[in-house]
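> Could you have a look at this structure, given as structure tokens, before my questions?
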């Protein structure tokens, strides 16, 4: 059994809100912009304490990205906040032209990503955002796994000079990473050592991967679980070292199989260490309305789906 203890279910968006408030108190250059979703992104703590450094742009996301790019020229560190669908798909042109192209120091912070948005349905459950953002030259892409890691990542990206996409979610999920552990951009964490198969996960799927580890242990399969919160830049050395040892890889993410973590890992393996691989992710479809846990089960994004993928990869 893994030795990670859930210290209580917490939503990752609150980790962002907590981290942003910490930055507000410790870095006078940090400013925040939001598109009429201040409470939903837990940016109200920052807005209440630092009203002069908070900009409520209204439902005008494209304008918000342009404002953020402009603020970065004045040595401010802007953090934009809205739902992941509106943080990427709706404003892709503005991000590409005004932020990524000139390497602006803007932190694009996106909540309510993936199927776990639940009842809001397919129009809001973006599953393509990581693919959109990782293809932009120079864009760092991060999807942390719990409250503590989201808080740490929010703080860490303020010290990175350049554009960052930080993705998190609405539901309360197990909070199990150490609260004092600093986030290191581009570093994957080996959570359990194993020799039979490597499971590489991020976001809400990391805890599911640990649950799968427990199930696999009971049937004699020894899995190495890696939390790969940074999709770009990818921690090649950690991933390849693990693949070299186990010879089998499974990726797990709350995103389309196309364009996400699995794609990045597959490319790395094809170039450096070809081996059997399976991907746990949404298979070329949109989501639908429903309870988050029911959707995760229906679309094959839970611990049992990871177990099935491991069994498949071991047969290859």
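> Of all residues in the range 134-155, which are assigned to a loop (DSSP other than H, G, I, E, B) and surrounded by fewer than 24 Cβ atoms within 10 Å (Cβ to Cβ)?
Across the range 134-155, the qualifying residues are 135, 136, 137, 138, 139.
> Now a separate question. Quick check: anything in the range 77-89 buried (at least 16 other Cβ atoms within 10 Å of the Cβ), free of Cβ contacts under 8 Å to residues at least 40 places away in the same chain, under 22 Å from the mean Cα position of the chain (by Cα) and within 28 Å of residue 171 (Cα to Cα)?
No, the conditions are met nowhere in the range 77-89.
> Here's something else I'd like to know. Specify which of the listed residues (93, 18) is over 19 Å from residue 129 (Cα atoms) and surrounded by fewer than 22 Cβ atoms within 10 Å (Cβ to Cβ).
That would be 18, the only listed residue that is over 19 Å from residue 129 (Cα atoms) and surrounded by fewer than 22 Cβ atoms within 10 Å (Cβ to Cβ).
> Restricting attention to the range 204-218, does a residue exist that is without any contact (Cβ under 8 Å) to a residue 60 or more places away in the chain and surrounded by fewer than 24 Cβ atoms within 10 Å (Cβ to Cβ)?
Applying the first criterion (without any contact (Cβ under 8 Å) to a residue 60 or more places away in the chain) to the range 204-218 yields 218.
Those still in the list that are surrounded by fewer than 24 Cβ atoms within 10 Å (Cβ to Cβ) too: 218.
Yes, some residue in the range 204-218 is without any contact (Cβ under 8 Å) to a residue 60 or more places away in the chain and surrounded by fewer than 24 Cβ atoms within 10 Å (Cβ to Cβ).
> Here's a follow-up. Out of the range 254-279, which residues are assigned to a loop (DSSP other than H, G, I, E, B), touching a strand residue (DSSP E or B) at 6+ places or on another chain (Cβ under 7 Å) and either within 17 Å of residue 129 (Cα to Cα) or not assigned by TED's automatic domain parsing to the domain that holds residue 231 (or both)?
Let us first name the residues in the range 254-279 that are assigned to a loop (DSSP other than H, G, I, E, B), namely 257-260, 273-276.
Adding the requirement that they be touching a strand residue (DSSP E or B) at 6+ places or on another chain (Cβ under 7 Å) leaves 257, 260, 275.
Answer for the range 254-279, where residues must be assigned to a loop (DSSP other than H, G, I, E, B), touching a strand residue (DSSP E or B) at 6+ places or on another chain (Cβ under 7 Å) and either within 17 Å of residue 129 (Cα to Cα) or not assigned by TED's automatic domain parsing to the domain that holds residue 231 (or both): 257, 260.
> Which pairs do you get when a residue that is farther than 19 Å from residue 5 by Cβ, found in the range 156-185, comes within reach of a residue that is at pLDDT below 95 and assigned to a loop (DSSP other than H, G, I, E, B), reach meaning Cβ atoms under 9 angstrom, with the pair 6+ apart or on two chains?
none
> I would also like to ask the following. Going through the range 268-307 one residue at a time, which ones are out of contact with any helix residue (DSSP H, G or I) (no Cβ under 7 Å at 6 or more places or on another chain) and closer than 16 Å to residue 198 by Cβ?
270, 274
The values are calculated or read from the model by the stated rules, or taken from the named source; none is laboratory data. Quick caveat: nothing in here was measured; it's all calculated off a predicted structure. For neighbour counting, all protein chains shown are included, and Cβ atoms are generated from backbone atoms with ideal geometry for every residue, glycine included.
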